[in-house]
């Protein structure tokens with residue numbers, strides 16, 4: 001009878017040891033999977049930051065070629081930077097890998113007395129608010145990163 005009890009106790013010890021090992025391996029696999037996911041997301045955020053800056057530079061180059069290239073753009077319309085011997089803003093969506101980059105141009109108003117940029121006031125045709133947006137899908141969710149800045153007609157007198 002004593003041998004049977006020892007065998008049963010030993011079997012319980014083996015089951016407990018295997019359970020601990022399985023839980024440890026599963027926990028390690030879960031941590032590894034999460035760290036890979038976080039690393040991938042960090043890489044995408046870094047790439048998106050570079051694409052945002054490149055988009056801003058592309059708009060500045062378009063402005064440097066001629067202010068009319070910027071002032072003639074329709075507000076609240078999405079434009080997409082395309083490099084074809086020089087940067088241009090096209091209305092056809094383009095992607096860079098998994099990323100979609102778009103540019104939006106808005107009119108700017110100035111306060112009549114202070115000439116500061118304001119939400120209402122006199123339209124300033126020599127200044128535009130540029131918003132560059134980079135978006136991509138990460139784990140089934142659309143991620144957007146934006147960069148907004150003012151662009152002025154610095155070449156006209």
Reported set for the stretch 33-56 where residues are farther than 15 Å from residue 99 by Cα and surrounded by fewer than 13 Cβ atoms within 10 Å (Cβ to Cβ) is 33, 34, 35, 36, 37, 38, 39
Every listed condition ((1) over 30 Å from residue 80 (Cα atoms); (2) within 13 Å of the chain's Cα centre (by Cα)) holds for residue 22 save (2)
| task | Test residue 30 against the criterion of being exposed (fewer than 13 other Cβ atoms within 10 Å of the Cβ) and in contact (Cβ under 8 Å) with a residue 40 or more places away in the chain, and give yes or no. | result | no
Taking the stretch 101-132 and the residues there that are within 25 Å of residue 51 (Cβ to Cβ) and either in contact (Cβ under 8 Å) with a residue 60 or more places away in the chain or not in a strand (DSSP E or B) (or both), the one that is nearest to the chain's Cα centre (by Cα) would be 132
The residue that is nearest to residue 132 (Cα to Cα), considering only those in the stretch 90-100 that are out of contact with any strand residue (DSSP E or B) (no Cβ under 7 Å at 6 or more places or on another chain) and in contact (Cβ under 8 Å) with a residue 40 or more places away in the chain, is 96
Taking the stretch 104-124 and keeping residues surrounded by 12 or more Cβ atoms within 10 Å (Cβ to Cβ) and within 18 Å of residue 68 (Cβ to Cβ) leaves 105, 106, 107, 108, 124
Expected output for the stretch 1-20 (first residue surrounded by 10 or more Cβ atoms within 10 Å (Cβ to Cβ), partner outside any helix (DSSP H, G or I) and at pLDDT 65 or above, Cβ below 7 Å, 6+ apart or cross-chain) is none
Given the conditions (1) assigned to a helix (DSSP H, G or I); (2) modelled with pLDDT of 95 or more; (3) within 18 Å of the chain's Cα centre (by Cα), every one holds for residue 40 apart from (2)
Reported set for the stretch 134-157 where residues are within 12 Å of residue 102 (Cβ to Cβ) and either without any contact (Cβ under 8 Å) to a residue 40 or more places away in the chain or out of contact with any strand residue (DSSP E or B) (no Cβ under 7 Å at 6 or more places or on another chain) (or both) is 135, 144
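The values are calculated or read from the model by the stated rules, or taken from the named source; none is laboratory data. Just so it is clear, the model here is predicted, and its values are computed rather than measured. For neighbour counting, all protein chains shown are included, and Cβ atoms are generated from backbone atoms with ideal geometry for every residue, glycine included.
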